[in-house]
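One structure below.
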Amino acid sequence: SQTIHQWPATLVQPVGSPLSLECTVEGTSNPNLYWYRQAAGRGLQLLFYSVGIGQISSEVPQNLSASRPQDRQFILSSKKLLLSDSGFYLCAWSGKGHYGYTFGSGTRLTVV
Amino acid sequence: AQSVTQPDIHITVSEGASLELRCNYSYGATPYLFWYVQSPGQGLQLLLKYFSGDTLVQGIKGFEAEFKRSQSSFNLRKPSVHWSDAAEYFCAVGARGATNKLIFGTGTLLAVQP
């Protein structure tokens, strides 16, 4: 069966520090991968998605970047965190057919 | 571009009462529609989905939703709410295409009174 792993679960980082959040999927190949950010009262905002290795699409201009170095690995990064980067980050995957997403358990990022 | 509106930010119901959570979408064609549930501090779990065909879809945990094209709605219902249903519920719409992108509503937080 397919599983999705996301870590770390919580992270507290100072302003200006770098960020790396990792997401990996098991049990499937060539998935679509997604990074969402969730802020209170604002639902889920799609940040990046990828349909294949090295293929990254950005939905909103921001201080973050994403990479997909391997088929089932999706990384969210920042060179210098801002206070406004705080939030709950969710990784998700889907197959090529539209069957909905499977989400990871999320990372709570607090920038101080 | 597609969008989703969940007009109710917060709803409180009594245990055993019926529930309806509203969802309205905007999309130029027949969309894919989803309902997800999120417990505090957790990821989202898929409750049900609509692609085509029968407009009343059944999901897990006793939930159902009805697609009404004329109203651009996809409301979630449950005939009798349990205390364990307290969570946040998100409606999402997906465009038909290779990217499978989902656009989510802002969510409805459900509280269940004993």
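Readers should treat all values here as calculations from the given coordinates under stated rules, not as data from a laboratory. Every value quoted in this text rests on a predicted model; they were computed, and no experiment measured them. A quick note on method: Cβ atoms are made from the backbone with ideal geometry, for glycine too, and the neighbour counts reach across all protein chains shown.
State whether the residues of the stretch A:53-62 include one that is of a type in the set (S, T, N, Q), away from chain B (no Cβ under 14 Å) and either within 23 Å of residue A:18 (Cβ to Cβ) or part of a loop (DSSP other than H, G, I, E, B) (or both). Give the steps one after another, and end with the answer.
Within the stretch A:53-62, the subset of a type in the set (S, T, N, Q) is A:55, A:57-58, A:62.
Cutting the leftovers down to away from chain B (no Cβ under 14 Å) gives us A:62.
Among the residues that remain, those that are also either within 23 Å of residue A:18 (Cβ to Cβ) or part of a loop (DSSP other than H, G, I, E, B) (or both) are: A:62.
Yes, that holds for at least one residue.
Name the strands (runs of 3 or more DSSP E) wholly inside the stretch B:1-113 in which the number of residues that are more than 12 Å from every other protein chain (Cβ to nearest Cβ) and buried (at least 19 other Cβ atoms within 10 Å of the Cβ) is 3 or more.
B:73-78
Filter the stretch A:13-52 down to the residues that are assigned to a strand (DSSP E or B) and charged (D, E, K, R) and list them by number.
If the condition is that a residue be assigned to a strand (DSSP E or B) and charged (D, E, K, R), then A:22, A:26, A:37 are the ones that fit.
Just to check your reading of the model, which residue among A:78, A:94, A:67, A:50 is of a type in the set (Ser, Thr, Tyr), surrounded by 14 or more Cβ atoms within 10 Å (Cβ to Cβ), under 24 Å from residue B:97 (Cα atoms) and more than 10 Å from chain B (Cβ to nearest Cβ)?
A:67
Kindly provide the set of residues from the stretch A:97-110 that are more than 10 Å from every other protein chain (Cβ to nearest Cβ) and surrounded by fewer than 20 Cβ atoms within 10 Å (Cβ to Cβ), ordered by number.
Correct list: A:110 only.
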